[in-house]
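The values are calculated or read from the model by the stated rules, or taken from the named source; none is laboratory data. What you see is a predicted model, and the numbers here were worked out from it, not measured in a lab. FYI the Cβ positions are ideal-geometry reconstructions off the backbone, even for glycines, and counts take in every protein chain you see. Side chains included, ligands, DNA and RNA excluded: accessible areas come from the protein's heavy atoms. Shrake-Rupley method; radii C 1.70, N 1.55, O 1.52, S 1.80 Å.
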Amino acid sequence: MPIETSLLEGQPVKIRWCPVCGASPFEPFLRGTVQRSKRGLFGFGKERDYCALICSECQAIAGYESPPEMTYPL
């Protein structure tokens, strides 16, 4: 299981309803598990959100998000 799954657990979801089926409130499915490249095709371009927000009702990708920045104790 990716580390993003535990980092996103308990975090607020940035969308309120599913743009595909209209389910409200939006409940994510497999949050942090399904990912795409952070930088686009072949690793070029600026960083983008990479964890898929999947609707629990219609199982369609409704958007993408990134986990909060990881901090390490000194």
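Applying the condition of being over 17 Å from Pro68 (Cα atoms) and in contact (Cβ under 8 Å) with a residue 12 or more places away in the chain to the range 2-27 and asking which residue is surrounded by the most Cβ atoms within 10 Å (Cβ to Cβ) yields Cys18. Within the range 33-51, the set of residues being over 23 Å from Ile15 (Cβ atoms) and aromatic (Phe, Trp, Tyr) comprises Phe42, Phe44.
Scanning the range 29-42 turns up at least one residue that is within 20 Å of Ile3 (Cα to Cα), open to solvent by less than 50 Å² (accessible area, probe 1.4 Å) and part of a loop (DSSP other than H, G, I, E, B).
Consider Met1 carefully, then state whether it is assigned to a loop (DSSP other than H, G, I, E, B), at pLDDT below 90 and either touching a helix residue (DSSP H, G or I) at 6+ places or on another chain (Cβ under 9 Å) or among the polar types (S, T, N, Q) (or both).
no
Please go through the range 47-74 and pick out each residue that is open to solvent by 60 Å² or more (accessible area, probe 1.4 Å) and touching a Gly at 6+ places or on another chain (Cβ under 8 Å). Passing the criteria: only Arg48. In the range 43-57, the residues that are at positive phi form Cβ pairs under 9 Å with partners that are charged (D, E, K, R), at six or more places apart or across chains, as follows: Gly45/Arg39.
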